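Notes to accompany the following structure.
The values are calculated or read from the model by the stated rules, or taken from the named source; none is laboratory data. Fair warning: this is a prediction, and the values are worked out from it, not measured in the lab. Quick reminder, even Gly has a Cβ in these numbers, built from the backbone with ideal geometry, and neighbours come from all protein chains shown. Protein only, heavy atoms only, side chains kept; ligands, DNA and RNA dropped before computing areas. Shrake-Rupley method; radii C 1.70, N 1.55, O 1.52, S 1.80 Å.
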Amino acid sequence: MRAVVCRAGELTVQDVPMPVPETGQVLLRVLRAGICGSDLHARVHCDATADVSDEVGYDAFMRSDQSVVLGHEFAGEVVSYGPGCRKRWAPGTPVVSVPMIRHGDEAHLTGLTASAPGAYAQFVLVSEDMTFEIPHGLSVEHAALTEPLAVAHHAVRRGEVGRRDVAVVIGCGPIGLAVVAMLKASGVRTVIASDLSAGRRALAGRVGADIVVDPAVESPFDRCAREGRYVTAAQDLLGTAFDAMHTLRRIPLAPWDSLFRIADRLGATPKGPVIFECVGTPGMIEHVVSNAPFRSRVVVVGVCMEPDTFRPAMALNKEIELRFVFVYDPAEFHETLQMIAEGKVDVGPMITATVGLEGVAPAFDALGAAAHHAKVLIDPMSEIDSL
């Protein structure tokens, strides 16, 4: 079969062996695959990520001297089954799958290791247990975005955003746009999206952002502070403590300490917004921590594959809460598929182009600089060779 192979940062279309399903595996014909921002990073920074991955117990993450077929966002149709499968779907059934697969006792990340070739190809192997039929009426183009939307679904859940909270999304690439869409689907009333690109800001508005900010003109952190009346200076935070005690200590016979704790549980004490960092480049965590209102919760969604630094003392002084998120669980993946099928999230605006296998390398180059593209899909049968 034909596939796009990544080696030493170069992407080339090659003829590679046809995959053969093993126990519990299903062979799919790839109908659509998405180019992910982490694929762009992995192309040039995979060795640093492989070192970290090795430290946490997964030693098979791709390295630059290996030949790897990328692609972990995809939709396909069932072709055949390996031994031990229940054969849940007839050949030709459109499906999506969590991009993980087992070979024996070892689990692998599809499209991010030489051990599990991905969907930048005409065919891909998936686990039957991790595969779900695409609901009737949902296009394969939209279904192919289940994986990145599941990342956003998980991030929003981990962010524990209340409907009355202000949520800020920094970076409106594919993952940032997905986070915006999922925040609105979860009922958050005020979502602020920030990006330097006018094209991506327009896309953020189309997927649901209530306020769109050009950070070259207006700070998204200043805007969210105004929208949510959040504290941005130490003197103001200290002043609220004095004001609260001044009031409570003057209520006759009142248990002021109990009232203080009740007010805190009810959200009457100072709190900050929930900020989603969706850029994933060195310096962004420091930028967010330094500029966010006091007591912000920062959810790091962007995949930075390079070493980075930030000032812990700044986060400490402002009581910034940092949460790092990584992928999703199978239930979140399936929930996301259903949300797309039911129209709770509109992924259509995120798809800005489709290319064939020959167009993947040019698409990578364009996505590194293009300000108007979000999600580029790959159709292995297409002859389109450029954006």
(Q) Tally up the residues in the stretch 190-203 that are part of a loop (DSSP other than H, G, I, E, B) and under 16 Å from residue 275 (Cβ atoms), please. (A) 1
Q) Which pairs have Cβ atoms under 8 Å, sit 6 or more apart or on different chains, and link a residue in the stretch 311-340 that is closer than 14 Å to residue 272 by Cβ to one that is exposed (fewer than 13 other Cβ atoms within 10 Å of the Cβ)? A) 317/234
Q.
For the condition crowded, with 19+ Cβ neighbours inside 10 Å and in a strand (DSSP E or B), what is the one hit in 50, 33, 42?
A. 33
Q. Which residues, counting only those in the stretch 135-146, are under 10 Å from residue 73 (Cα atoms) and open to solvent by 10 Å² or more (accessible area, probe 1.4 Å)?
A. none
Q. Conditions: (1) touching a residue at least 40 places away in the same chain (Cβ under 8 Å); (2) farther than 29 Å from residue 376 by Cα; (3) not polar (S, T, N, Q). Residue 222 meets all but one. Number of the miss?
A. (1)
Q) Name the residues in the stretch 55-72 that are under 27 Å from residue 17 (Cβ atoms) and surrounded by fewer than 20 Cβ atoms within 10 Å (Cβ to Cβ), would you? A) 58, 59, 60, 63, 64, 65, 66, 67
Q. For the stretch 1-57, which residues satisfy the criterion of being touching a Gly at 6+ places or on another chain (Cβ under 6 Å) and under 13 Å from residue 122 (Cα atoms)?
A. 28, 29, 30, 31, 33
Q.
Filter the stretch 316-365 down to the residues that are surrounded by fewer than 20 Cβ atoms within 10 Å (Cβ to Cβ), among the hydrophobic types (A, V, I, L, M, F, W, C), on the phi < 0 side of the Ramachandran plot and out of contact with any strand residue (DSSP E or B) (no Cβ under 8 Å at 6 or more places or on another chain) and list them by number.
A. 316, 326, 331, 341
Q: Being open to solvent by less than 50 Å² (accessible area, probe 1.4 Å) and either of a type in the set (Asp, Glu) or not in a strand (DSSP E or B) (or both) is the filter here, so list the residues in the stretch 78-113 that pass it.
A: 82, 85, 89, 92, 93, 98, 99, 110, 111, 112, 113
(Q) Please go through the stretch 220-240 and give me each residue that is open to solvent by 40 Å² or more (accessible area, probe 1.4 Å), modelled with pLDDT under 90 and closer than 17 Å to residue 298 by Cβ, ordered by number. (A) 232
(Q) Where the second residue is open to solvent by 20 Å² or more (accessible area, probe 1.4 Å) and the first is among the basic types (Lys, Arg) and lies in the stretch 20-39, which pairs have Cβ atoms under 8 Å and are six or more apart or on separate chains? (A) 29/77; 29/79; 29/122; 29/123; 32/140; 32/141; 32/354; 32/379
Q: Spot the failing condition for residue 321; the list is (1) in contact with a Ser or Thr (Cβ under 9 Å, 6 or more places away or on another chain); (2) closer than 21 Å to residue 35 by Cα, and only one is missed.
A: (2)
**Q.** Only one of 204, 209 that is free of Cβ contacts under 8 Å to residues at least 40 places away in the same chain, closer than 28 Å to residue 378 by Cβ and surrounded by 24 or more Cβ atoms within 10 Å (Cβ to Cβ)
**A.** 204
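Rundown of residues vs (1) touching a helix residue (DSSP H, G or I) at 6+ places or on another chain (Cβ under 7 Å); (2) modelled with pLDDT under 95; (3) closer than 16 Å to residue 118 by Cα, yes/no style:
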{"site": "29", "(1), (2), (3)": "no, no, yes"}
{"site": "70", "(1), (2), (3)": "yes, no, yes"}
{"site": "74", "(1), (2), (3)": "no, no, yes"}
{"site": "80", "(1), (2), (3)": "no, no, no"}
